[in-house]
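Undergrad: The structure that follows is given in the form of C-alpha cells.
The values are calculated or read from the model by the stated rules, or taken from the named source; none is laboratory data. Here the structure is a predicted model, which means the values were calculated and not measured. Please note: Cβ atoms are built from the backbone with ideal geometry, for glycine as well, and neighbour counts cover all protein chains shown.
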Amino acid sequence: MCHCDWLWLLWFLPVHGSVWGLAADNGKRSCWLMGKSVSGSVYQAGDVVIGGLFPIHDGAPLPEQDFRSIEENATCTIFNQRSYRWLQTMIFAVQEINRDPALLPNLTLGYLAADTCLAEGTTLGAALAMVTGQELSVGGTECGITPEVTVIIGDPRSSSSIVVAQTLGPFHFPMVSYLATCVCLSDTRRFPSFFRTVPSDAHQTRGMAMLLRRLGWVWVGLVSGDDDYGKFGVQLLLQELQGSGVCVAYSELRQIVDTIRTSTAKVVVTFTIQTDAQALLEEVVRQKVTDKQWIATEAWITYTGLAAPKNLPSLAGTIGFALRKADIPGLGPFLTRLRPDGEDQKSDPFLREFWEDMFGCSLGLDLKVNPSSRRQCSGSEVIGEEIDLYADVSQLRVTYNVYKAVYAIAYAIQDMVACQPGEGPFNGGKCPDIRKLQPSQIVHYLRTVKATTPVKESFHFDQNGDPPASYDIINWHVTPEGTTELVHVGYFLSSQESNSKFHIDMEKVVWGCGSGDKVPVSLCSAPCPPGTRQAVQKGKPVCCFDCLPCAEGEISTATGSFECSKCPEQFWSNPNRTECVPQLVDFLSYSDTMGMVLSVISVSGAMLTAGALATFLYYRHTALVKANNSELSFLLLLSLKLCFLCALVFIGRPKPWTCILRHTLFGISFVFCISCLLSRTLVVLVAFRATLPGKNLMRYFSPTQQRIGISLCTLIQVLICALWLALSPPRPAKKVGREGRGPMVVLECAVGSMACFSLVLGYIGLLASLCLLLAFLARKLPNNFNEAKFITFSMLIFCAVWVAFVPAYVSSPGKYTVAVEIFAILASSFGLLFCLFAPKCYIILLKPDKNTKKYLMAK
C-alpha cells in the first residue's frame, strides 16, 4: 500500500499522534497503540486489518494549547462498559469470520481498535494513526509490524464521524459507522466513502412526528445536545412537524432543567447522545421532576444504566425508538470469558481498568500501603451475564450494528475474492489485489454488497450508504421488584414516506407523568369546545390560543374548530352555538296573550259601538237623537265600528291580502270617522255662529251637502290608497329581530311606499287637527248639552294618542310594532266612542227625563 498520499496528514501526529506500546509475556510480544491523547488500542494481525473506533472512555483529556512545552501523556477518564462490549463484539465477529471456512477461505481478518475518549480530537488522532500505517515501536524497539488498515468501523458519534469522514473522504477511505445517525452523513458529495449500519435520523424523526400526532401531543419540549447529532436531529424533527399542528414549547441547551420543570409541556423529546442524556436526566432526577413524559432516541432508550430504580420516579414510562434487536449466538459466553490473567487477553490495555470498574476493586494493590483505596481484586470474580451492563446480551442493538459492520466488510472482501480476472470493475476488467487492497476498492464493493448475517438478516447499503430503516418502539416498565423492564410495544419501518409503517400497541404502553395506562395530555391550550373557535395568542405558537364564542348566526360542531360556519338562510344558531336550528317565526298571532287581549278589546269596542248604534236606532225619535243629527250619528258609529274591527286585521300571520287590507282599511275607516266628526262640528259651529241678518248659512249644511262633504273627504283617502297600491303596496316581509327568546324571523307587513304611507297618516292628521280647531272654537257655545265640548275632548284624546304613537312605533321591536299600532287604533276609537256617545247613552237610558225638547232648549 502506497502511503505517499497521506504525508500531508503527518502534521497532525506531533500533537495528536500516537506511539505503539510493547508488552512481553514469556518471550511473546504483543503491540498496542498508546497515544498522548489516546488511552490505547488493541491489535491483531491479519491479511486485511479492520480499524475500529470505540469510546472506551467518556472523558477526554483537555488539550494543551499554550504550546510552551511538550505535551505530556494524558489519560482518558470514566470507563464505559457498554462501549467496551462493542469493541469485544468486533473482536468476536472477526474471530467468528476467521473460523468460517465458507466466508473467507485462505484469508484472515485482523483488527486494530482504538479508544476515542468520546471527543473529536482524540477520534481524529486515532483514525490518522491507523491510516498512516506507522510501525509499532516503543523507545526504538520495533514490533516488526506495520498495520495496513484499509477500512474503519466507527465512530459512534455523528460529530466525530463527520470530522473523520470529511478528512478521509477525499482519499476515498471507507468508514462504516455503527451508531452515527446524523442525516448530514448521507450527503455523498461531502462524504463519498461513508457507510453505516444504522438508519439516518431522517427516518427516526419521521417516526417521532407520527408518534406525536398519533397520541395527540401538540405541545412538546425539545432538548438537543450541542453537537451535530442534536442540532441536525432537532432541525429534521421541526421540519417533520411543520403543518402537523404540533408546536414546540422550547428548544433548549442551557438552563434546560429549569425550563423543563416550569413548562406546561408534559412531553419532552430528547436528541442527545447517551452521555449528554445521562447528565441531563441525573439532574432531572435530582430536582425531582416527575410530571414529564420522556421521548428518547435510539442513542439512550436501551441504556439500562439510566434505568436504575432511583431514576424510575422521573423516567418510568419513557418511550422511544430503538435500533432493531438481534440475538448473536455465542456472544454472551465470549464476553464473560475475560480474566485478568488470561493468556490471550494480556495484550488488552483496557482489561485491567475494565475489571476494576466492573467489580469496584483494584488489581495488584497492597492495601497496607494505601488503606484508603478500594479493596483488592482477587481475579476470580465472575462476570454475570444477567446483571452486568457489559455482559447483558438481552438488548443487542448497537452491539448488533457493530456485528453487522464487520460482516458487511467481510462480504465485500468476499466479493473481491470472487472477482474473475478480466471481469473486474477496475481499469478494464482488473480485479483488486487482495494482498494490496486500496481503500477506494473497498468503497466500490461496499456499495454493492448484499449480505446475510448469521442471525439470518439480510442487509445492503443504498446509494447514500444508508441501510433500510427499521426501529423498535421501546417502553420503560417498572417490575414488581422495582426494576426497569424494556418492553417492545411497537415498530416503525420506513423506506419512503408514503410506504412508512407505524404500529404501536396502546394496551402494552405504560405512560409517564404518573398517568399509568392513560395517555398524558400535553397542551398549551385545551381544545376549544363546540360553539367556540380558536384564536391564536399574539406572539405564541399556533397551539396556544384563546377560545372565542361563535358570533350569532354561526356555529362550530367540532372540538378545536379554527373557524365558525354561518347558518343557512332561515336558520339560526342555538344559544350554545353548536347547531343551526330553524329560526323562530314571530308575529302577533291570535294565540299570543297579547293578541288575545287586543282581539277581545277590539271585539268589545265593536260590540259597544253596535250597542250605541242600536240604542240610537231604537230611540231615533227622541229629542236627543234628533238634536244630534241622527244620520251623522249613525254614520259616525258605523265608522267607529269599522275602526274597531280593522284592528283585527293587524293580528295573525301577514299575508298579501291582509297587509293590503289592514293599512287601507285603517286609513279609510279613520278618515270616514273624522270626516263625519268634522261635518258634525261644522254644523254645530255654524248653527250657533250664524248671527248675521239675512245670512242663512245652514242652507249650505243640509244633510245632502253633509253627505257630499263626507264622501269627498273619504274619496281623497281612497285615491291616496289606490295610488299607494299602484306604486308599492304593503306586502309581507321578514327580518331578523331579537326578543326575549333570542334571535328570530319577524314576520311583518312592510309598508311599501313610505311616501304614500305618510300621506295616509298625514291626511288623517290634517282632518283631525282641523276638527280639533273647530271644536275648540265651539267649545263655549251655550247649550244644555254642548256637543262641541265633547268633540274637543275626543279629538284631544285622538291627537294625543297618535302623537305618542309615532315614537313608540319607531322604537318597538318585532311584533310589538304591530301591537303599538293596534293600541293606537283602539285607544283613539274608544276615546271617540266614550266622549261622543257615552253621555248621550247615559241620558237616553238612565235619564229619560232629560231626553226632551224642553230640556234641550232650556237655557
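Undergrad: Kindly indicate the residue of segment 393-434 that is among the polar types (S, T, N, Q) and part of a helix (DSSP H, G or I) and also nearest to residue 181 (Cα to Cα) among those meeting that condition.
TA: Our first condition is that a residue be among the polar types (S, T, N, Q); within segment 393-434, this holds for 394-395, 399, 401, 414, 420, 427.
Narrowing further to those that are part of a helix (DSSP H, G or I): 399, 401, 414.
Numbers: 399: 15, 401: 12, 414: 27 Å.
Out of the qualifying residues, it is 401.
Undergrad: Residue by residue through segment 238-266, note down the ones that are within 18 Å of the chain's Cα centre (by Cα) and in a helix (DSSP H, G or I). Walk me through how you get there before you give the answer.
TA: So in segment 238-266, the residues within 18 Å of the chain's Cα centre (by Cα) come out as 238-250, 263-266.
The answer is 238, 239, 240, 241.
Undergrad: For segment 561-674, list the helices (runs of 4 or more DSSP H) that sit wholly inside it and hold at least 3 residues that are within 60 Å of the chain's Cα centre (by Cα); which are they?
TA: Helices (runs of 4 or more DSSP H) meeting the threshold: 593-618, 630-649.
Undergrad: Please go through segment 655-670 and give me each residue that is in contact with a Ser or Thr (Cβ under 9 Å, 6 or more places away or on another chain) and aliphatic (A, V, I, L, M), ordered by number.
TA: 668
Undergrad: Could you check residue 442 against (1) surrounded by 19 or more Cβ atoms within 10 Å (Cβ to Cβ); (2) over 48 Å from the mean Cα position of the chain (by Cα); (3) at pLDDT below 90 and say which number it fails?
TA: For residue 442, the failing item is (3).
Undergrad: While we're on this one: Output the residue which, of all residues in segment 481-523 that are closer than 30 Å to residue 544 by Cα and touching a Pro at 6+ places or on another chain (Cβ under 7 Å), is surrounded by the most Cβ atoms within 10 Å (Cβ to Cβ).
TA: 512
Undergrad: Within segment 286-324, which residues are part of a helix (DSSP H, G or I) and either touching a His at 6+ places or on another chain (Cβ under 9 Å) or not charged (D, E, K, R) (or both)? Reasoning before the result, please.
TA: Start the filter on segment 286-324 by keeping residues that are part of a helix (DSSP H, G or I), which leaves 286, 304-306, 309-315.
Residues satisfying the conditions are 304, 305, 306, 309, 311, 312, 313, 314, 315.
Undergrad: Under 8 Å by Cβ, and 6 or more places apart or on different chains, what pairs join a residue from segment 607-636 that is over 13 Å from residue 703 (Cα atoms) with one that is outside any helix (DSSP H, G or I) and β-branched (Val, Ile, Thr)?
TA: Matching pairs, first to second residue: 623/852.
Undergrad: I've got another one for you. If we keep just the residues of segment 235-261 that are touching a strand residue (DSSP E or B) at 6+ places or on another chain (Cβ under 8 Å), closer than 25 Å to residue 214 by Cα and aliphatic (A, V, I, L, M), which is surrounded by the fewest Cβ atoms within 10 Å (Cβ to Cβ)? So that I can check it myself, show each step before the final result.
TA: Taking segment 235-261 as the starting set, the residues that turn out to be touching a strand residue (DSSP E or B) at 6+ places or on another chain (Cβ under 8 Å) are 237-238, 241, 246-253, 256, 259-260.
Now restrict to residues that are closer than 25 Å to residue 214 by Cα: 237-238, 241, 246-252, 260.
The next check asks that each one be aliphatic (A, V, I, L, M); those that pass are 237-238, 241, 246, 248-249, 260.
Working: 237: 25, 238: 15, 241: 21, 246: 25, 248: 17, 249: 23, 260: 23.
It comes out as 238.
Undergrad: Next up: Return yes or no: is residue 513 in a loop (DSSP other than H, G, I, E, B), at pLDDT 90 or above and of a type outside the set (A, V, I, L, M)?
TA: Numbers: in a loop (DSSP other than H, G, I, E, B): yes; at pLDDT 90 or above: no; of a type outside the set (A, V, I, L, M): yes.
For residue 513, the condition - in a loop (DSSP other than H, G, I, E, B), at pLDDT 90 or above and of a type outside the set (A, V, I, L, M) - is not met.
Undergrad: Scan segment 643-657 residue by residue and report those that are more than 11 Å from residue 602 (Cβ to Cβ) and surrounded by fewer than 19 Cβ atoms within 10 Å (Cβ to Cβ). Don't jump to the end; show me each part of the working.
TA: Taking segment 643-657 as the starting set, the residues that turn out to be more than 11 Å from residue 602 (Cβ to Cβ) are 652-657.
If the condition is that a residue be more than 11 Å from residue 602 (Cβ to Cβ) and surrounded by fewer than 19 Cβ atoms within 10 Å (Cβ to Cβ), then 652, 653, 655, 656, 657 are the ones that fit.
Undergrad: Sticking with this one: Output the residue which, of all residues in segment 201-234 that are among the hydrophobic types (A, V, I, L, M, F, W, C) and in a helix (DSSP H, G or I), is surrounded by the most Cβ atoms within 10 Å (Cβ to Cβ).
TA: Going residue by residue through segment 201-234, those that are among the hydrophobic types (A, V, I, L, M, F, W, C) are 202, 208-212, 215, 217-220, 222-223, 232, 234.
Now narrow it down to the ones that are in a helix (DSSP H, G or I): 202, 208-212, 232, 234.
Values: 202: 21, 208: 27, 209: 21, 210: 18, 211: 21, 212: 23, 232: 24, 234: 21.
Among those that are among the hydrophobic types (A, V, I, L, M, F, W, C) and in a helix (DSSP H, G or I), it is 208.
Here is a yes/no grid of residues against (1) at pLDDT below 85; (2) acidic (Asp, Glu); (3) closer than 15 Å to residue 627 by Cα:
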{"site": "768", "(1), (2), (3)": "no, no, no"}
{"site": "783", "(1), (2), (3)": "yes, no, yes"}
{"site": "802", "(1), (2), (3)": "yes, no, no"}
{"site": "826", "(1), (2), (3)": "no, no, no"}
{"site": "831", "(1), (2), (3)": "no, no, no"}
{"site": "849", "(1), (2), (3)": "yes, yes, no"}
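Undergrad: Pull up segment 51-60, narrow it to residues that are under 17 Å from residue 127 (Cα atoms) and out of contact with any Leu (no Cβ under 6 Å at 6 or more places or on another chain), then point me to the one that is surrounded by the fewest Cβ atoms within 10 Å (Cβ to Cβ). It would help to see each step written out before you state the result.
TA: From segment 51-60, those under 17 Å from residue 127 (Cα atoms) are 51-57, 60; that's our starting set.
Applying the additional criterion that residues be out of contact with any Leu (no Cβ under 6 Å at 6 or more places or on another chain) yields 52-53, 56-57, 60.
Details: 52: 31, 53: 29, 56: 29, 57: 26, 60: 24.
Filtering first and then ranking leaves 60.
Undergrad: At pLDDT 95 or above and not hydrophobic (A, V, I, L, M, F, W, C), is that true of residue 150? Break it down stepwise before answering.
TA: On the way: at pLDDT 95 or above: no; not hydrophobic (A, V, I, L, M, F, W, C): yes.
It is false that residue 150 is at pLDDT 95 or above and not hydrophobic (A, V, I, L, M, F, W, C).
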